[in-house]
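I have placed the structure first, in the form of structure tokens, so that the comments after it can refer back to it.
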Amino acid sequence: MPHNQRYFYQKPFLSTIVVCLLATSFPYKSFASGDVIPSTLDIHSSYLNKIDSNQKQNVAIPVARSLQLDSRIEKNILNSLKKNPGHNLGEQLPEYYTDWGWNVRDVTSDLKSHRQSKGSTLTTIAIIDSGIDDNHPALSQNIVSDGRSFVPGEEGTRDQTGHGTMVAGLIAAKGKISSIAPSIGIVPYKVFGKAASESEWVIKAIKQATKDGVDVINLSLGTYKDPTNKEDNKVIKAYEKAIKYAHKKGVVVVASSGTDGYSMDNQKDLAKKIGNMKRAMHLPGGLKNTITVGATNRLLQPTEYSNHGKKVDLSAPAGDYGPDWSTSGIADIKSFVLTTYPTYLPQSPISQALDLDQGYEFMIGTSLASPQVAAVAALLIDVAKSKGINLSPDTVEHLLKKSTTPFLYPDDKRKGGTGIVNATNALHILRNLIENGSVRK
């Protein structure tokens, strides 16, 4: 299930597969089916109530919610915008949208990496998620295949929740907003439908994407399993087998760490936080042969909501509620991440207040961190391909981890891996290696 994410919006799509959504007060074992959820941050009422009461958080997600901001967060941000009318531009100037893209500027060094490579559709990223809005003006040119749905009864890959389209925007959006790899190819593999998702569907999607010849797989989703439980252990082994298969075939697998703010280091301690388990492990993020990605904020710090520890390889900017949230409870929309959203789904009051076109929304969560690393991985592969070189997944991971931007505080490496992904540095190192003959055909 995608990580227990405290999602910015309340959506009817997070059910059984815990991606990175906020867990509710329902017991984890209460769902007979569905175990994976997306890894975005679900800021709905149960999360805010948890903050107010410090109640114990359990890992469980009810039926997917519709895209509705919790009224408290919505009111908080809208009041702030009223006090700062400069954010509201009736005439949408071309630079208005890019002004919000702090995360892309961080990863690309103010778009300098675009001078080295924007990617090409010869290199593809499988987005295993809720589908993509294939008619979105910022994404339609990058979708190189219809992909496939693994949700029973849903044949197409139309995004009905928004999560997959948001993930896609961080990878390949062009036009009003910038992205990491605006010319890269993307393919939707749908595992989230109107209701829940199953690990079985995700595992099948990993295998199919590998067979289809994609270069990178992005998994902005997650679940917790107990390795001492016979049925859970079967699921763990199945994930491991599928990812090992992808790795052997030369596919780079990138996954979010989860959005519960838990340490992933000790299975017993993690189980105590989740409840109803003897031991607990997060997956697919955290597994061998997977590049596991945590989230950072505008201050170059790991976010409080990001799962952390030794299993996190590196991080990417995915936003938080702002520097004043923990002390004064004031949310700052400038600390959120702007990305694409289905043009046919309702627009949020926040984007309306900011005069954004339908099809663009703000979000936070490790679901947004993982695709930025996946995008940089794809850029490296694409550049190497142009030189007749096939980079192995291990080489790609090495380049990503060697080229990161340092955290604000060095000790944060214990939480967020080697640092924050940096496309410019990674591409520069790769080109030097190619010129020196250190990477051979």
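For region 105-213, rounded, prolate or oblate, judged on the Cα gyration tensor with a ≥ b ≥ c (square roots of eigenvalues), a/c < 1.5 rounded, else prolate if a/b > b/c? Verdict is prolate for region 105-213. Ordered by 1.4 Å accessible area with all protein chains kept, Phe192, Phe150 run largest first as Phe150, Phe192. Straightening the chain between Asn436 and Thr98 buys 118.1 nm, computed as 0.36 nm per residue apart minus the Cα-Cα spacing.
Can you give me the Cα centroid spacing of region 296-341 and region 189-257 in angstrom? Rounded to whole Å, the Cα centres lie 25 Å apart. Shape analysis of region 203-262 places it in the oblate category; the axes a ≥ b ≥ c from the Cα gyration tensor give an a/c of at least 1.5, with a/b not above b/c. Ranked by the mean number of other Cβ atoms within 10 Å of their residues, highest first, the peptides 109-115, 339-345 come out as 339-345, 109-115. Going by accessible surface with a 1.4 Å probe and the largest first, Met363, Met277 read Met277, Met363.
Distance from a point 7 Å along Cα→Cβ of Thr121 to each backbone N in region 181-202: keep the residues under 18 Å and list them by number. 181-189, by backbone N distance to the label point. Using 17 Å as the cut-off for backbone N distance, which residues of region 234-259 belong to the label zone defined by a point 7 Å from the Cα of Ser392 along Cα→Cβ? So the set is 244-253. Rolling a 1.4 Å probe over the protein chains gives His398 an accessible area of about 100 Å². In the assembled protein chains, Tyr245 presents an accessible area of approximately 70 Å² (probe radius 1.4 Å).
Over 24 Å between Cα atoms, which of Lys207/Lys272; Lys234/Lys413; Lys176/Lys211; Lys204/Lys244 qualify? With Cα atoms farther than 24 Å apart: Lys207/Lys272; Lys234/Lys413; Lys176/Lys211. Using the Cβ-Cβ distance between Asp357 and Thr228 with R0 set to 51 Å, the FRET efficiency from 1/(1 + (r/R0)^6) comes to roughly 0.50. Taking a ≥ b ≥ c as the square roots of the eigenvalues of the alpha-carbon gyration tensor, region 261-317 is classed oblate because a/c is 1.5 or more while a/b is no larger than b/c.
Sequence gap at least 6, Cα distance under 8 Å: using those rules, report the relative contact order of region 228-316 to the nearest whole percent. Relative contact order of region 228-316: 32 percent. Each part reduced to its alpha carbon centroid, region 385-441 and region 132-179 end up 27 Å apart.
The Rg/Rh ratio of region 282-399, with Rg taken over Cα atoms and Rh as the Kirkwood radius over Cα pairs, comes to 1.05. Accessible surface calculations at 1.4 Å, restricted to protein heavy atoms, place region 291-441 at 38 Å² per residue.
Sorting 419-428, 254-263, 97-106 by their mean Cβ neighbour count within 10 Å, with the most densely packed peptide first, gives 254-263, 419-428, 97-106. Estimated at the nearest 10 Å², the accessible area of Arg431 is 80 Å² with a 1.4 Å probe.
The values are calculated or read from the model by the stated rules, or taken from the named source; none is laboratory data. In this text, all values refer to a predicted model and were calculated from it rather than measured experimentally. Note that each Cβ is placed from the backbone with ideal geometry, even for glycine, and that neighbours are counted across all protein chains shown. Heavy atoms of the whole protein, side chains included, go into the accessibility calculation; ligands, DNA and RNA do not. Shrake-Rupley method; radii C 1.70, N 1.55, O 1.52, S 1.80 Å.
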